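Q: The following block contains the structure, expressed as C-alpha coordinates.
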Amino acid sequence: MVPLKKNTQISVSQLVCLLLASRLTTAMTASPAGGPAGFGSSMLVSVVLQIPLLLILLLPTWWFSRRTNRSGTIDYAYVLFGPKGGGAVAALYGLLCLVIVNADLLRFQTFVSVALSPGMSRIALCGTLVVGVFFAASCGLQAVARAAGVAVVVVIAAMVFTLFSLLPEMRGVHFLSPLYDGVYPVVEGALYELPRSIEVAVVGMLLPYVRGSSSKGYAVWTTVLAGVLVLMQATITGVLGDFAAQVRFPYYTAVTAADVGIIQRMDLIAVAVWLVVLFVKMAFYSMLYMSCAQRIFGKNRKPLYAVAGGGTVFVTGLSFAGLAAQSEQEASVPVYLIIAGLFAVALPLVLVLADMVRERRARRARA
(Lines give C-alpha, C1' and ligand atoms only; values in the text may rest on other atoms or scores of the structure.)
Protein backbone atom coordinates (compact mmCIF):
# COMPACT_ATOMS: atom_id res chain seq x y z
CA MET A 1 0.00 0.00 0.00
CA VAL A 2 2.73 2.40 -1.07
CA PRO A 3 0.48 5.44 -1.68
CA LEU A 4 0.14 5.80 2.09
CA LYS A 5 3.59 7.35 2.42
CA LYS A 6 5.84 5.98 5.12
CA ASN A 7 6.64 9.48 6.38
CA THR A 8 2.97 10.08 7.16
CA GLN A 9 2.58 7.40 9.79
CA ILE A 10 0.04 7.72 12.56
CA SER A 11 0.60 7.10 16.25
CA VAL A 12 -0.77 4.16 18.20
CA SER A 13 -3.24 6.46 19.95
CA GLN A 14 -4.50 7.70 16.58
CA LEU A 15 -4.98 4.10 15.44
CA VAL A 16 -7.02 3.46 18.58
CA CYS A 17 -9.18 6.53 17.86
CA LEU A 18 -9.75 5.49 14.22
CA LEU A 19 -10.85 2.00 15.21
CA LEU A 20 -12.97 3.30 18.07
CA ALA A 21 -14.74 5.94 15.99
CA SER A 22 -15.47 3.30 13.36
CA ARG A 23 -16.94 0.82 15.84
CA LEU A 24 -19.04 3.42 17.65
CA THR A 25 -20.81 4.26 14.40
CA THR A 26 -22.34 0.80 14.43
CA ALA A 27 -22.83 0.60 18.20
CA MET A 28 -24.86 3.80 18.46
CA THR A 29 -27.41 2.63 15.89
CA ALA A 30 -27.32 -1.10 16.64
CA SER A 31 -30.67 -2.87 16.68
CA PRO A 32 -31.53 -5.87 18.85
CA ALA A 33 -33.97 -7.13 16.22
CA GLY A 34 -32.85 -10.47 14.85
CA GLY A 35 -30.25 -10.82 17.56
CA PRO A 36 -30.25 -12.01 21.16
CA ALA A 37 -33.61 -11.63 22.84
CA GLY A 38 -33.28 -8.81 25.31
CA PHE A 39 -30.83 -6.00 25.52
CA GLY A 40 -30.55 -6.17 29.29
CA SER A 41 -27.98 -6.79 31.96
CA SER A 42 -26.56 -9.86 30.23
CA MET A 43 -25.25 -7.59 27.47
CA LEU A 44 -23.16 -5.71 30.04
CA VAL A 45 -21.12 -8.89 30.44
CA SER A 46 -21.34 -9.80 26.76
CA VAL A 47 -19.57 -6.63 25.62
CA VAL A 48 -16.74 -7.28 28.08
CA LEU A 49 -16.48 -10.86 26.84
CA GLN A 50 -15.72 -9.44 23.41
CA ILE A 51 -12.22 -8.46 24.57
CA PRO A 52 -10.70 -11.98 24.54
CA LEU A 53 -12.65 -12.86 21.37
CA LEU A 54 -11.31 -9.83 19.51
CA LEU A 55 -7.79 -10.59 20.74
CA ILE A 56 -8.11 -14.13 19.42
CA LEU A 57 -9.12 -12.73 16.04
CA LEU A 58 -5.92 -10.66 16.05
CA LEU A 59 -3.61 -13.66 16.50
CA PRO A 60 -3.15 -14.46 12.77
CA THR A 61 -2.39 -10.79 12.00
CA TRP A 62 -0.01 -10.62 14.97
CA TRP A 63 1.81 -13.75 13.74
CA PHE A 64 2.01 -12.28 10.25
CA SER A 65 3.35 -8.99 11.64
CA ARG A 66 6.06 -10.71 13.69
CA ARG A 67 7.18 -12.88 10.81
CA THR A 68 7.29 -10.10 8.19
CA ASN A 69 8.67 -7.31 10.40
CA ARG A 70 5.37 -5.35 10.34
CA SER A 71 4.83 -5.44 6.60
CA GLY A 72 1.30 -4.73 5.40
CA THR A 73 -0.79 -7.54 3.98
CA ILE A 74 -1.09 -5.79 0.60
CA ASP A 75 2.63 -5.00 0.48
CA TYR A 76 3.58 -8.58 1.24
CA ALA A 77 1.06 -9.98 -1.23
CA TYR A 78 2.90 -8.06 -3.95
CA VAL A 79 6.19 -9.54 -2.72
CA LEU A 80 4.91 -13.11 -2.66
CA PHE A 81 2.52 -13.22 -5.61
CA GLY A 82 3.74 -10.43 -7.89
CA PRO A 83 1.70 -7.62 -9.47
CA LYS A 84 -1.27 -9.79 -10.38
CA GLY A 85 -1.63 -11.52 -7.03
CA GLY A 86 -0.88 -8.38 -5.07
CA GLY A 87 -3.28 -6.40 -7.24
CA ALA A 88 -6.00 -8.96 -6.57
CA VAL A 89 -5.53 -8.59 -2.81
CA ALA A 90 -5.57 -4.79 -3.12
CA ALA A 91 -8.75 -5.02 -5.21
CA LEU A 92 -10.43 -7.17 -2.57
CA TYR A 93 -9.50 -4.68 0.15
CA GLY A 94 -10.74 -1.79 -1.99
CA LEU A 95 -14.04 -3.56 -2.63
CA LEU A 96 -14.38 -4.32 1.08
CA CYS A 97 -13.90 -0.66 1.97
CA LEU A 98 -16.50 0.45 -0.58
CA VAL A 99 -18.97 -2.11 0.79
CA ILE A 100 -18.45 -0.76 4.31
CA VAL A 101 -18.88 2.85 3.19
CA ASN A 102 -22.02 1.90 1.28
CA ALA A 103 -23.42 0.02 4.29
CA ASP A 104 -22.90 3.12 6.42
CA LEU A 105 -24.66 5.29 3.84
CA LEU A 106 -27.61 2.88 3.99
CA ARG A 107 -27.51 3.02 7.79
CA PHE A 108 -27.52 6.82 7.60
CA GLN A 109 -30.60 6.82 5.35
CA THR A 110 -32.44 4.35 7.57
CA PHE A 111 -31.67 6.34 10.70
CA VAL A 112 -32.82 9.59 9.11
CA SER A 113 -36.06 8.09 7.78
CA VAL A 114 -36.97 6.14 10.94
CA ALA A 115 -35.67 8.30 13.78
CA LEU A 116 -35.59 11.82 12.35
CA SER A 117 -37.69 12.99 9.39
CA PRO A 118 -38.94 10.71 6.60
CA GLY A 119 -39.61 13.77 4.46
CA MET A 120 -35.98 14.82 4.14
CA SER A 121 -34.49 14.69 0.65
CA ARG A 122 -32.37 11.55 0.50
CA ILE A 123 -30.61 12.68 -2.67
CA ALA A 124 -29.49 15.99 -1.17
CA LEU A 125 -28.48 14.46 2.16
CA CYS A 126 -26.58 11.52 0.67
CA GLY A 127 -24.95 13.66 -2.01
CA THR A 128 -23.67 16.16 0.55
CA LEU A 129 -22.41 13.41 2.85
CA VAL A 130 -20.62 11.47 0.09
CA VAL A 131 -18.93 14.58 -1.33
CA GLY A 132 -17.74 15.64 2.12
CA VAL A 133 -16.53 12.15 2.98
CA PHE A 134 -14.44 11.66 -0.16
CA PHE A 135 -13.02 15.18 0.11
CA ALA A 136 -11.91 14.40 3.66
CA ALA A 137 -10.51 11.06 2.49
CA SER A 138 -8.39 12.83 -0.13
CA CYS A 139 -6.66 14.74 2.69
CA GLY A 140 -4.87 11.55 3.73
CA LEU A 141 -4.48 9.19 6.66
CA GLN A 142 -3.03 11.68 9.14
CA ALA A 143 -5.83 14.19 8.61
CA VAL A 144 -8.52 11.56 9.10
CA ALA A 145 -6.69 10.19 12.17
CA ARG A 146 -6.52 13.65 13.75
CA ALA A 147 -10.23 14.12 13.12
CA ALA A 148 -10.87 10.73 14.72
CA GLY A 149 -8.98 11.80 17.84
CA VAL A 150 -11.17 14.88 18.25
CA ALA A 151 -14.32 12.91 17.44
CA VAL A 152 -13.65 10.20 20.01
CA VAL A 153 -13.02 12.73 22.80
CA VAL A 154 -16.22 14.61 21.95
CA VAL A 155 -18.32 11.44 21.67
CA ILE A 156 -17.13 9.86 24.92
CA ALA A 157 -17.61 13.16 26.79
CA ALA A 158 -21.14 13.41 25.36
CA MET A 159 -21.91 9.81 26.39
CA VAL A 160 -20.73 10.38 29.95
CA PHE A 161 -22.73 13.61 30.12
CA THR A 162 -25.80 11.81 28.79
CA LEU A 163 -25.44 8.94 31.27
CA PHE A 164 -25.28 11.28 34.26
CA SER A 165 -28.14 13.38 32.89
CA LEU A 166 -30.32 10.30 32.61
CA LEU A 167 -29.58 8.93 36.08
CA PRO A 168 -32.90 10.23 37.50
CA GLU A 169 -34.74 8.34 34.75
CA MET A 170 -33.04 5.00 35.37
CA ARG A 171 -34.68 2.22 37.36
CA GLY A 172 -32.70 -0.20 39.46
CA VAL A 173 -35.25 -2.93 38.79
CA HIS A 174 -34.05 -3.00 35.18
CA PHE A 175 -30.62 -4.24 36.27
CA LEU A 176 -31.16 -7.92 36.89
CA SER A 177 -28.35 -10.38 37.47
CA PRO A 178 -26.40 -10.80 34.20
CA LEU A 179 -26.69 -14.58 34.68
CA TYR A 180 -30.41 -14.47 35.53
CA ASP A 181 -31.21 -16.55 32.42
CA GLY A 182 -27.98 -18.54 32.54
CA VAL A 183 -24.69 -18.31 30.68
CA TYR A 184 -26.11 -18.87 27.20
CA PRO A 185 -27.54 -15.33 26.66
CA VAL A 186 -24.20 -13.83 27.70
CA VAL A 187 -22.22 -15.94 25.23
CA GLU A 188 -24.85 -15.46 22.52
CA GLY A 189 -24.69 -11.69 22.96
CA ALA A 190 -20.90 -11.65 22.72
CA LEU A 191 -20.88 -13.76 19.56
CA TYR A 192 -23.60 -11.61 18.03
CA GLU A 193 -21.74 -8.39 18.77
CA LEU A 194 -18.35 -9.68 17.59
CA PRO A 195 -18.89 -9.36 13.79
CA ARG A 196 -19.87 -5.72 14.24
CA SER A 197 -16.19 -5.03 14.91
CA ILE A 198 -15.43 -5.15 11.19
CA GLU A 199 -12.34 -3.03 11.89
CA VAL A 200 -10.36 -6.23 12.47
CA ALA A 201 -10.46 -6.79 8.71
CA VAL A 202 -8.24 -3.79 7.87
CA VAL A 203 -5.69 -3.91 10.69
CA GLY A 204 -3.34 -6.01 8.56
CA MET A 205 -3.08 -3.46 5.77
CA LEU A 206 -2.34 -0.65 8.26
CA LEU A 207 0.58 -2.37 10.04
CA PRO A 208 3.50 -0.45 8.42
CA TYR A 209 1.78 2.91 8.80
CA VAL A 210 1.58 2.96 12.57
CA ARG A 211 4.44 4.24 14.69
CA GLY A 212 4.93 1.79 17.52
CA SER A 213 3.18 -1.48 18.18
CA SER A 214 -0.08 -1.94 16.29
CA SER A 215 -0.82 -4.99 18.42
CA LYS A 216 -0.67 -2.93 21.62
CA GLY A 217 -2.89 -0.32 20.01
CA TYR A 218 -5.37 -3.02 19.04
CA ALA A 219 -5.38 -4.36 22.61
CA VAL A 220 -5.99 -0.86 23.98
CA TRP A 221 -8.81 -0.41 21.48
CA THR A 222 -10.58 -3.59 22.63
CA THR A 223 -10.35 -2.49 26.27
CA VAL A 224 -11.57 1.07 25.66
CA LEU A 225 -14.29 -0.22 23.36
CA ALA A 226 -15.58 -2.55 26.05
CA GLY A 227 -15.72 0.34 28.53
CA VAL A 228 -17.63 2.58 26.12
CA LEU A 229 -20.06 -0.20 25.19
CA VAL A 230 -20.72 -0.88 28.87
CA LEU A 231 -21.45 2.84 29.28
CA MET A 232 -23.94 2.72 26.40
CA GLN A 233 -25.53 -0.52 27.53
CA ALA A 234 -25.96 0.80 31.07
CA THR A 235 -27.80 3.80 29.63
CA ILE A 236 -30.06 1.60 27.49
CA THR A 237 -30.82 -0.91 30.24
CA GLY A 238 -31.35 1.66 32.98
CA VAL A 239 -33.78 3.79 30.97
CA LEU A 240 -35.62 1.28 28.76
CA GLY A 241 -35.28 -2.08 30.47
CA ASP A 242 -36.90 -4.91 28.49
CA PHE A 243 -38.51 -2.37 26.15
CA ALA A 244 -35.09 -1.96 24.49
CA ALA A 245 -35.66 -5.23 22.64
CA GLN A 246 -38.73 -3.75 20.92
CA VAL A 247 -37.24 -0.60 19.37
CA ARG A 248 -35.11 -0.07 16.26
CA PHE A 249 -32.44 2.18 17.81
CA PRO A 250 -32.27 1.51 21.56
CA TYR A 251 -29.56 4.02 22.45
CA TYR A 252 -31.22 6.87 20.56
CA THR A 253 -34.60 5.91 22.04
CA ALA A 254 -33.18 5.84 25.58
CA VAL A 255 -31.82 9.34 25.13
CA THR A 256 -34.93 10.83 23.53
CA ALA A 257 -37.50 9.10 25.72
CA ALA A 258 -36.20 10.64 28.93
CA ASP A 259 -37.48 13.82 30.58
CA VAL A 260 -34.32 15.52 31.82
CA GLY A 261 -35.75 18.84 32.91
CA ILE A 262 -33.60 21.76 31.75
CA ILE A 263 -32.17 19.69 28.85
CA GLN A 264 -35.06 19.57 26.40
CA ARG A 265 -33.29 18.28 23.27
CA MET A 266 -31.16 15.33 24.27
CA ASP A 267 -31.91 13.86 20.85
CA LEU A 268 -29.78 16.58 19.27
CA ILE A 269 -26.79 15.43 21.30
CA ALA A 270 -27.28 11.81 20.24
CA VAL A 271 -27.67 12.70 16.57
CA ALA A 272 -24.73 15.12 16.55
CA VAL A 273 -22.25 12.72 18.13
CA TRP A 274 -23.35 9.88 15.84
CA LEU A 275 -22.95 12.02 12.72
CA VAL A 276 -19.43 12.94 13.83
CA VAL A 277 -18.23 9.34 14.13
CA LEU A 278 -20.17 8.30 11.01
CA PHE A 279 -18.36 10.93 8.95
CA VAL A 280 -14.95 9.92 10.32
CA LYS A 281 -15.60 6.22 9.68
CA MET A 282 -16.76 6.77 6.10
CA ALA A 283 -13.78 9.05 5.41
CA PHE A 284 -11.41 6.44 6.89
CA TYR A 285 -12.62 3.59 4.70
CA SER A 286 -12.91 5.86 1.65
CA MET A 287 -9.27 6.81 2.13
CA LEU A 288 -8.31 3.13 2.33
CA TYR A 289 -10.26 2.42 -0.86
CA MET A 290 -8.47 5.26 -2.67
CA SER A 291 -5.07 4.01 -1.55
CA CYS A 292 -5.92 0.53 -2.88
CA ALA A 293 -6.97 2.03 -6.21
CA GLN A 294 -3.70 3.99 -6.38
CA ARG A 295 -1.74 0.83 -5.72
CA ILE A 296 -3.45 -0.97 -8.60
CA PHE A 297 -3.79 1.75 -11.21
CA GLY A 298 -1.14 4.33 -10.24
CA LYS A 299 -0.88 7.39 -8.04
CA ASN A 300 -1.63 10.13 -10.58
CA ARG A 301 -5.40 9.72 -10.84
CA LYS A 302 -6.50 10.39 -7.28
CA PRO A 303 -9.44 12.70 -8.22
CA LEU A 304 -10.70 10.05 -10.64
CA TYR A 305 -10.65 7.39 -7.94
CA ALA A 306 -12.55 9.70 -5.58
CA VAL A 307 -15.20 10.44 -8.22
CA ALA A 308 -15.53 6.77 -9.18
CA GLY A 309 -15.76 5.58 -5.58
CA GLY A 310 -18.08 8.36 -4.49
CA GLY A 311 -20.33 7.87 -7.50
CA THR A 312 -20.53 4.13 -6.90
CA VAL A 313 -21.40 4.59 -3.22
CA PHE A 314 -23.97 7.28 -4.00
CA VAL A 315 -25.77 5.31 -6.71
CA THR A 316 -25.79 1.97 -4.87
CA GLY A 317 -26.75 3.68 -1.62
CA LEU A 318 -29.83 5.25 -3.18
CA SER A 319 -30.69 2.12 -5.16
CA PHE A 320 -30.78 -0.18 -2.14
CA ALA A 321 -32.19 2.31 0.37
CA GLY A 322 -35.73 0.96 0.10
CA LEU A 323 -34.64 -2.61 0.70
CA ALA A 324 -32.49 -1.57 3.65
CA ALA A 325 -35.37 0.37 5.21
CA GLN A 326 -37.74 -2.60 4.94
CA SER A 327 -35.34 -5.21 6.30
CA GLU A 328 -33.21 -5.24 9.41
CA GLN A 329 -29.65 -4.25 8.63
CA GLU A 330 -28.58 -6.56 11.44
CA ALA A 331 -29.11 -9.39 8.95
CA SER A 332 -25.70 -8.33 7.62
CA VAL A 333 -24.03 -9.54 10.83
CA PRO A 334 -23.28 -13.04 9.41
CA VAL A 335 -21.81 -11.38 6.31
CA TYR A 336 -19.52 -9.31 8.51
CA LEU A 337 -18.47 -12.48 10.31
CA ILE A 338 -17.42 -14.04 7.00
CA ILE A 339 -15.56 -10.86 6.02
CA ALA A 340 -13.72 -10.77 9.34
CA GLY A 341 -12.78 -14.41 8.95
CA LEU A 342 -11.43 -13.90 5.43
CA PHE A 343 -9.42 -10.72 6.00
CA ALA A 344 -8.40 -11.05 9.66
CA VAL A 345 -7.77 -14.79 9.78
CA ALA A 346 -7.52 -16.48 6.37
CA LEU A 347 -5.49 -13.85 4.49
CA PRO A 348 -2.70 -13.42 7.10
CA LEU A 349 -2.45 -17.20 7.47
CA VAL A 350 -2.24 -17.69 3.69
CA LEU A 351 0.52 -15.07 3.46
CA VAL A 352 2.46 -16.64 6.33
CA LEU A 353 2.19 -20.13 4.85
CA ALA A 354 3.20 -18.86 1.40
CA ASP A 355 6.20 -17.12 2.94
CA MET A 356 7.21 -20.31 4.74
CA VAL A 357 7.01 -22.26 1.48
CA ARG A 358 9.10 -19.63 -0.32
CA GLU A 359 11.67 -19.69 2.47
CA ARG A 360 11.89 -23.48 2.38
CA ARG A 361 12.40 -23.46 -1.40
CA ALA A 362 15.11 -20.83 -1.05
CA ARG A 363 16.94 -22.99 1.49
CA ARG A 364 16.74 -26.02 -0.80
CA ALA A 365 18.05 -23.96 -3.72
CA ARG A 366 21.07 -22.86 -1.67
CA ALA A 367 21.79 -26.41 -0.46
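Q: What number results when the radius of gyration of the chain, computed over Cα atoms, is divided by 2.2 N^0.38 Å?
A: Against the empirical 2.2 N^0.38 Å value, I get 1.02 for the chain.
Q: Starting from the Cα of PHE320, step 7 Å along the direction of its Cβ; do the same at ALA124; then give the gap between the two resulting points in nm.
A: 2.7 nm
Q: If you don't mind, there's one more thing I want to ask. With everything on Cα atoms, drop me the angle between helix 12-27 and the longest principal axis of the chain, reported from 0 to 90° to the nearest 10.
A: Helix 12-27 sits at roughly 50 degrees to that axis.
Q: Report, to one decimal in Å, the Kirkwood hydrodynamic radius for segment 73-227 based on all distinct Cα pairs. Mind showing how you got there, number by number?
A: Values: mean 1/r = 0.0506 Å⁻¹.
By the Kirkwood definition, the hydrodynamic radius is 19.8 Å.
Q: Taking the 0 to 90 degree range and rounding to the nearest ten, how far is the long axis of helix 141-165 tilted relative to the main principal axis of the chain, both from C-alpha atoms?
A: Helix 141-165 and the main axis of the chain meet at about 20 degrees.
Q: A further question on this structure: Using Cα atoms only, what is the angle between the long axis of helix 266-297 and the major principal axis of the chain, expressed in degrees (0 to 90) to the nearest 10?
A: Relative to the chain, helix 266-297 is tipped by roughly 10 degrees.
Q: Compute a Gaussian network model of the chain, connecting alpha carbons closer than 10 Å, and tell me which residue from ALA344, ALA77, ALA157 fluctuates the most.
A: Most flexible of the set in this elastic network: ALA157.
Q: So for the chain, if I pair up every lysine 8 or more residues apart or on another chain, how many of those pairs have alpha-carbons under 24 Å apart?
A: Qualifying lysine pairs in the chain: 15.
Q: Still on this structure, please answer the following. Explain nothing, just compute: Karplus ³J(HN,Hα) = 6.51 cos²θ - 1.76 cosθ + 1.60, θ = phi - 60°, for every residue of segment 86-101 in order, whole Hz, x for Gly and Pro.
A: Using θ = phi - 60°, the values come out as x, x, 5, 5, 4, 5, 5, 5, x, 5, 4, 5, 5, 4, 5, 4 Hz.
Q: In addition: So who's got an amide H within less than 5 Å of the one on ARG211, skipping anything under 5 residues away but keeping other chains? H placed 1.01 Å off N, in plane.
A: ILE10, SER11, VAL12
Q: Return the distance in nm (one decimal) between the two label points of a simple spin-label model at GLN142 and VAL187, each offset 7 Å from Cα along Cα→Cβ.
A: Those two pseudo-labels are separated by 4.8 nm.
Q: How high is the relative contact order of the chain, in percent, with contacts defined as C-alpha pairs under 8 Å that are six or more residues apart?
A: Relative contact order of the chain: 42 percent.
Q: Return the calculated 222 nm mean residue ellipticity for the chain, to the nearest 500 deg cm²/dmol, obtained by summing -39500 (n - 2.57) across DSSP H runs with n ≥ 4 and dividing by the residue count.
A: So the calculated ellipticity at 222 nm is -24000 deg cm²/dmol.
Q: Something else about it: Take peptides 188-195, 125-132 and line them up by average Cβ neighbours within 10 Å, highest first, as a rough protection proxy.
A: The peptides rank, most packed first, as 188-195, 125-132.
Q: Quick one: accessible area per residue over segment 180-290, 1.4 Å probe, rounded to a whole number of Å²? Don't skip to the end; give the middle numbers.
A: Working: 3780 Å² over 111 residues.
Computed with neighbouring chains in place, this is 34 Å² per residue.
The values are calculated or read from the model by the stated rules, or taken from the named source; none is laboratory data. Remember, predicted model here, so these are calculated numbers, not experimental data. Neighbour counts run over all protein chains shown; Cβ positions are idealised from the backbone, glycine included. All accessible areas refer to the heavy atoms of the entire protein, side chains included, with ligands and DNA or RNA removed. Shrake-Rupley method; radii C 1.70, N 1.55, O 1.52, S 1.80 Å.
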